[in-house]
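Student: First the structure, which I've put down as structure tokens, then a few questions once you've had a look.
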Amino acid sequence: MSKKLTKNKKKIIDKIYKKKYSLEEAIFLIKEIDFVKFDASVDISVRLGIDIRLPHQVVRGTVLLPHGTGKNVCILALVPKNKESEAKKAGADYVGLKYIEKIKSGWTDVDVIVATPSVMNQLGTIGKILGPKGLMPNPKMETVSINPEKSIEEIKSGKITFKADRYGIVHASVGKVSFSHKYLLDNLEKFMKIIVRNKPSTSKGSYIKSIYLSSTMSYGIPLDLKSFVNK
């Protein structure tokens, strides 16, 4: 059985690097090359023509994926007492400022932290813990809000955040291999539309340099940039 799998893998690898694929073709291929025994995530990596040393060329933002990510996102709501009940109803897994002390002790078992502007001055002491993990609430990522319930509901229903790394690459999970072709296509098209819309006005030359689609532990499939508006 393992020999057959290795043969299949070799065939797929040979196939992948013969050309660049349209988004539609890549989605079919991603399902074909998925050999893991769990429902793998579908990930996209977009290399951008930006100079990340310049603050005004940092590409970051949020996308509300039409069909969600297929993941159960664990949310901590750092909100004042009068907002706790609404945050719980909206779907927050953990609620309350008591978690600040827990974070000081090293606890960070959440995917996203949502906060109100009124509590941000209390988070300075845990900034060094949350910052490196990408958990610090940020108005640009819409995780600092006067309406935290809305933010929580949107995150639970499929809103993701993105930010170009130090190499100018944006990485994001946009669904699961088990998603239908249409669901993955809808999510990917929405994601790329927002990436294109976030092009810095000072960015020169080609904005989108390369795009790869992959699933958990799979090889990256190179996409044909003609599938997208390359402004």
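The values are calculated or read from the model by the stated rules, or taken from the named source; none is laboratory data. Computed from a prediction, not measured in an experiment: that's the story for all the values here. Methodologically, a virtual Cβ is constructed for each residue, glycine included, from the backbone with ideal geometry; neighbour enumeration extends over all protein chains shown.
Student: What is the one condition in (1) out of contact with any helix residue (DSSP H, G or I) (no Cβ under 7 Å at 6 or more places or on another chain); (2) polar (S, T, N, Q); (3) surrounded by fewer than 17 Cβ atoms within 10 Å (Cβ to Cβ) that Gln122 does not satisfy?
Tutor: Answer for Gln122: the failing condition is (1).
Student: Determine whether region 202-211 contains at least one residue that is under 14 Å from the mean Cα position of the chain (by Cα), crowded, with 18+ Cβ neighbours inside 10 Å and within 30 Å of Ile50 (Cα to Cα).
Tutor: First, pick out the residues of region 202-211 that are under 14 Å from the mean Cα position of the chain (by Cα): none.
Within region 202-211, none of the residues are under 14 Å from the mean Cα position of the chain (by Cα), crowded, with 18+ Cβ neighbours inside 10 Å and within 30 Å of Ile50 (Cα to Cα).
Student: Ok, one more. Can you pull out the residues in region 119-142 that are at pLDDT 90 or above and among the hydrophobic types (A, V, I, L, M, F, W, C)?
Tutor: Selection gives Val119, Met120, Leu123, Ile126, Ile129, Leu130, Leu135, Met136.
Student: If you don't mind, there's one more thing I want to ask. Hey, could you check region 72-82 for residues that are in contact (Cβ under 8 Å) with a residue 60 or more places away in the chain and buried (at least 22 other Cβ atoms within 10 Å of the Cβ) and say which is farthest from Gln122 (Cα to Cα)?
Tutor: First, the residues of region 72-82 that are in contact (Cβ under 8 Å) with a residue 60 or more places away in the chain: 73, 75, 77, 79.
Right, trim to buried (at least 22 other Cβ atoms within 10 Å of the Cβ) and you get 75, 77, 79.
Numbers: Ile75: 18, Ala77: 14, Val79: 11 Å.
Once the filter is applied, the top-ranked residue is Ile75.
Student: Further question on the same structure: Kindly list the number of the only condition in (1) assigned to a helix (DSSP H, G or I); (2) within 23 Å of the chain's Cα centre (by Cα); (3) at pLDDT below 90 that fails for Asp34.
Tutor: Among (1) assigned to a helix (DSSP H, G or I); (2) within 23 Å of the chain's Cα centre (by Cα); (3) at pLDDT below 90, Asp34 violates only (1).
Student: Let me ask another. When region 62-78 is examined, which residues are found to be closer than 15 Å to Pro137 by Cβ and in a strand (DSSP E or B)?
Tutor: Passing the criteria: Thr62, Ile75, Leu76, Ala77, Leu78.
Student: Another one. Go over the candidates Arg53, Arg47 one by one and state the one that is of a type in the set (Lys, Arg) and assigned to a loop (DSSP other than H, G, I, E, B).
Tutor: Numbers: Arg47 fails: assigned to a loop (DSSP other than H, G, I, E, B).
Answer to the check: Arg53.
Student: Looking at the structure I just gave you, is Lys88 within 30 Å of Arg197 (Cα to Cα) and out of contact with any helix residue (DSSP H, G or I) (no Cβ under 9 Å at 6 or more places or on another chain)?
Tutor: On the way: within 30 Å of Arg197 (Cα to Cα): no; out of contact with any helix residue (DSSP H, G or I) (no Cβ under 9 Å at 6 or more places or on another chain): yes.
It is false that Lys88 is within 30 Å of Arg197 (Cα to Cα) and out of contact with any helix residue (DSSP H, G or I) (no Cβ under 9 Å at 6 or more places or on another chain).
Student: Then there's this: With respect to Ile211, determine if the residue is in a helix (DSSP H, G or I) and in contact (Cβ under 8 Å) with a residue 12 or more places away in the chain. Full working, then the answer.
Tutor: Values: in a helix (DSSP H, G or I): no; in contact (Cβ under 8 Å) with a residue 12 or more places away in the chain: yes.
Here the answer is no, as Ile211 does not meet what is asked.
Student: Hey, another quick one. Kindly check whether there is at least one residue in region 183-199 that is surrounded by fewer than 18 Cβ atoms within 10 Å (Cβ to Cβ) and modelled with pLDDT under 90.
Tutor: The answer is no; no qualifying residue exists.
Student: Pairs only if they're at least six apart or on different chains, beta carbon under 6 angstrom, first in region 93-111 and modelled with pLDDT of 95 or more, second surrounded by 11 or more Cβ atoms within 10 Å (Cβ to Cβ) and basic (Lys, Arg); list them, first residue then second.
Tutor: Pairs that qualify, where the first residue is modelled with pLDDT of 95 or more and the partner is surrounded by 11 or more Cβ atoms within 10 Å (Cβ to Cβ) and basic (Lys, Arg), are Val95/Lys88.
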